[in-house]
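A short reminder: the numbers here are calculations on the coordinates, not readings from a lab. None of these values were measured; they are calculated from a predicted model. Positions of Cβ are backbone-derived with ideal geometry, glycine not excepted, and every protein chain shown enters the neighbour counts.
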Amino acid sequence: MPDKTYTTLTLQLGEPLAHLRLNRPALLNRFDEIAHVEFIQALNAVANDKTARVLILSAEGKVFSAGGDFDEIIAAANSSEIRSKMTWLARTLFNALTDLPVPVIAAVQGAAAGLGTTIMSLCDVVVASRTARISDPHVTIGLVAGDGGIIGWTQSVGINRAKRYLLTGEAITAEQAYQMGLVTDLTDSPDGVLPRAREIGELIAHLPVAGVEGTKRAFARLTHEKANLVLELGLAYEMESMTRPDVQNTINQLRR
């Protein structure tokens, strides 16, 4: 059953497989302030739902998520208040996703970029369509990849490959990401992603609760150890980089 009415996503609770679905395909499922807030609210609702054993995270449309919102990035350049709020939202989203007591399975049917890829990389299982494009292009517009991407990529593909793709912003296919470890399961078409994610979710949901949740908590400790080293520093660097003129100039060029 629906948890409540959201404007940027839908959330189905009351069953072992909870389902959070990003539903702004016309906006490429970008994460502006309201999307951040609702995503955090939805994760908290899943954490408090006693019936949920697994969370499926999917998206409507051809794109999983294009990441952050350009208008808000430009507005943040001259507003320390906006940058402070962005930092708080990024930190809270990271912690809510990492600390969720049930496993999260990302169903990536299409392109993921920036924050969309960060969220994907922090999920416990990632099912993706073979040809989906995956990237973190923060540096290509002059931003520091500080929203958690360094953590998610590094724990998935290792530090050298993480540096290779976060320092260039170059996109890879889901098949390449699978070979590196960023994606765990591949499907031949976008239509196969959600059924495969549900299949894996059903497998986990039928296992004893204590074993799954304890293992999930232990893995979360590893993620937090990396976060304690770099998350706050990365966010501070990212917010500072938003004040540089290169960012607005590059975004304006991309919009022409």
Neighbour-count order for 87, 215, 98, fewest beta carbons within 10 angstrom listed first: 215, 87, 98
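Note down the magnitude of the dipole of the chain about its Cα centre, charges +1 on Lys and Arg C-beta and -1 on Asp and Glu C-beta and zero elsewhere, to the nearest 20 debye.
Numbers: 24 positive and 28 negative charges, 54 e Å.
Result for the chain is approximately 260 debye, rounded to the nearest 20.
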Inter-label distance, nm, simple model (7 Å from Cα along the C-beta direction), residue 240/residue 170: 2.8 nm
Computed label-point distance, nm, for sites residue 215 and residue 191 using a 7 Å Cα→Cβ extension: 3.2 nm
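Given the chain, what whole percent of its Cα pairs are spread farther than 22 Å? Mind showing how you got there, number by number?
Working: 16879 of 32640 pairs.
Summing the P(r) tail past 22 Å for the chain gives 52 percent.
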Over the chain: helical MRE at 222 nm, DSSP H runs n ≥ 4 each giving -39500 (n - 2.57), nearest 500: -16000 deg cm²/dmol
Nitroxide proxy distance, nm - points 7 Å out along Cα→Cβ at residue 229 and residue 85: 3.4 nm
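For a quick check: sort 134, 159 by the number of other beta carbons within 10 angstrom, fewest at the front. Intermediate values should be presented prior to the final figure.
Values: 134 26, 159 11.
Fewest-to-most ranking of 134, 159: 159, 134.
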Whole-Hz ³J(HN,Hα) from phi, Karplus 6.51 cos²θ - 1.76 cosθ + 1.60, for segment 189-206, glycine and proline x: 8, x, 5, x, 5, 5, x, 5, 4, 5, 4, 5, x, 4, 4, 5, 4, 8
Vicinal HN-Hα couplings computed from phi for segment 163-177 (Karplus, 6.51 cos²θ - 1.76 cosθ + 1.60; Hz; Gly/Pro x): 4, 4, 9, 7, 8, 10, x, 5, 7, 10, 7, 4, 5, 5, 5
Furthest towards positive pole of dipole, 78, 10, 150, structure part segment 9-205, Cβ charges: 150
Paramagnetic reach from residue 160 (point 7 Å along Cα→Cβ, amide N under 11 Å) across segment 127-153: none
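Quick check on the chain: of the DSSP beta bridges with both residues there, what percent are antiparallel, nearest 5%? List each step's numbers first, then the result.
On the way: 7 of 28 bridges.
Roughly 25 percent of the DSSP beta bridges within the chain come out antiparallel.
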